[in-house]
Amino acid sequence: MSRRLGGAHAIALAALLGLFLFRVLAQLAQALWPTQVLPGFAAWHSGTLPYPVLVLFQAGIIALFAWLVRRFWRGDRLGGARLRTALWIFGSLYLIGSVLRFVGGFTFAAQNAFMAAHLPAFFHIVLASATIVIASYASMRAKMETGA
């Protein structure tokens, strides 16, 4: 596989990881050392999960993305056809739903607290985009492997 292709995907995923890491650290900073520079603690999540559970999921996502960035950079193979298909379907649906939630929070569902939680909605777009980058890498890597 072309180092350039893997590198491009690694850079894209690393940038999305950086955004997500900022989100996690900003909310943690607001929990421990509140500041006026950042939105308040409650603005960073919709309250769907208790904060300690949310942090555990976030740590897992950060670890997974960091591992994937390394694999992409090395040009490693990533799963088979079923995984690629699942990533494309999940990523596409997740992105569509996240964009609808984000837009809805500013328009038709602005009165709904879950929909109006703008920061979480934005960062779900970031995570959905990361899923699309992962699917793209896996697909391009498979095409390079088969010579298609």
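The values are calculated or read from the model by the stated rules, or taken from the named source; none is laboratory data. Model, not experiment: these values are computed from the prediction. Every residue, glycine among them, receives a Cβ derived from its backbone with ideal geometry; neighbour counts consider all protein chains shown.
Structural remarks
- Some residue of region 69-86 being under 15 Å from I132 (Cα atoms), basic (K, R) and under 20 Å from the mean Cα position of the chain (by Cα): yes
- Qualifying position, being assigned to a helix (DSSP H, G or I) and either within 30 Å of M144 (Cα to Cα) or of a type in the set (D, E) (or both), among F57, F90, F122, F102: F90
- Among the residues of region 1-32, the ones that are more than 17 Å from the chain's Cα centre (by Cα) and either touching a residue at least 40 places away in the same chain (Cβ under 8 Å) or under 25 Å from F114 (Cα atoms) (or both) come to 11 in all.
- Count of region 102-148 residues which are among the charged types (D, E, K, R) and either in contact with a strand residue (DSSP E or B) (Cβ under 6 Å, 6 or more places away or on another chain) or in contact (Cβ under 8 Å) with a residue 24 or more places away in the chain (or both): 2
- Count of region 92-137 residues which are within 22 Å of L5 (Cβ to Cβ) and either among the aromatic types (F, W, Y) or modelled with pLDDT under 95 (or both): 1
- Test: residue in region 71-91 that is at pLDDT 90 or above, farther than 22 Å from H9 by Cα and touching a Gly at 6+ places or on another chain (Cβ under 7 Å): no
- Residues (exposed (fewer than 14 other Cβ atoms within 10 Å of the Cβ) and either touching a strand residue (DSSP E or B) at 6+ places or on another chain (Cβ under 8 Å) or assigned to a helix (DSSP H, G or I) (or both)) located in region 67-84: W67, R70, R74, A81, R82
- Count of residues meeting criterion [surrounded by fewer than 22 Cβ atoms within 10 Å (Cβ to Cβ) and closer than 15 Å to I62 by Cβ] in region 132-141: 0
- Restricting A110, A128 to those that are within 30 Å of A42 (Cα to Cα) and in a loop (DSSP other than H, G, I, E, B) reduces the list to A110.
- A110 meets all of the listed conditions (1) touching a helix residue (DSSP H, G or I) at 6+ places or on another chain (Cβ under 7 Å); (2) farther than 26 Å from A142 by Cβ but one, namely (1).
- Filter result for V126 (under 23 Å from F57 (Cα atoms) and surrounded by fewer than 20 Cβ atoms within 10 Å (Cβ to Cβ)): yes
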